[in-house]
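Working notes, beginning with the structure itself.
Laboratory data are not the source of any read-out in this text; all were calculated from the coordinates shown. Everything numeric here is computed off the predicted structure, so don't read it as measured data. Every residue, glycine as well, gets a Cβ built from its backbone with ideal geometry; the counts of neighbours run over all protein chains shown.
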Amino acid sequence: MPLSRISIAIFGAGVAFLVLLCLALPAQGASISTTFAVKATVLASCQVTASDLDFGNYAPTSGSATTDATTVVVTCTNGTQYTVALDGGSVAHDVGARQMSDGNSHTLAYGLYTTAGFTTAWGDGTGATTTVSGTGDGSAQPATVFGQLPAGQYVPAAPYADQITVTVTY
């Protein structure tokens, strides 16, 4: 069956349209995809800072103990259980009998406690001492250290000092 002029024109217009359509479309290539994992392992960790405890001026004749307080601040990852221990100091090395020194042979006894009542000695958990524990939540968690200098220690007038090491176990 012969094609008429109209059929050929319609066919030609259709072919032209298809050619223009193909030229207007971007070339399509093959593609492939995959996935990859993004991972991290959060380790239990803690940081600790401490401020100095300064009893100031001490008068052995006052008849009452001299007291002061300082703060130990622990920051641990969320859910991390920790304990805070205080050592016996650089002079006496004894959590039950801490002493400051004037750098000579003179010492001044003092105690560190977990409460303002000065009844529970804060140490390393040995003897009659205890540690302070907590659970990290990612924020700074302060713990107060209460210090006490007993009255009536007649030592030479001088500056006295000790160095306490704070250990956080987690």
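Pairwise Cα separations in the stretch 35-170 fall into 10 Å bins from 0 onward with the following percentages, short to long: 12, 38, 28, 12, 6, 3, 1, 0. Maximal additional length on extending the V73-S133 stretch stands at 20.4 nm, based on 0.36 nm per residue less the C-alpha distance.
Given that compact globular proteins tend to follow 2.2 N^0.38 Å, what is the ratio of the alpha-carbon Rg of the stretch 90-170 to that value? Kindly include the intermediate steps, with their values, before the conclusion.
Values: Rg = 14.5 Å, N = 81, 2.2 N^0.38 = 11.7 Å.
The reported ratio for this selection is 1.24.
With both labels modelled 7 Å from their Cα along Cα-to-Cβ, the A44 to T83 distance reads 1.3 nm.
Can you give the convex hull volume per residue for the Cα atoms of the stretch 35-86, as a whole number of Å³? Write out the running numbers ahead of the final one.
Details: hull volume 4.9 nm³, N = 52.
Taking the convex hull of the Cα positions in the stretch 35-86, it is 94 Å³ per residue.
At full extension, S62 and S33 could sit 2.3 nm farther apart than now, given 0.36 nm per residue minus the alpha carbon distance.
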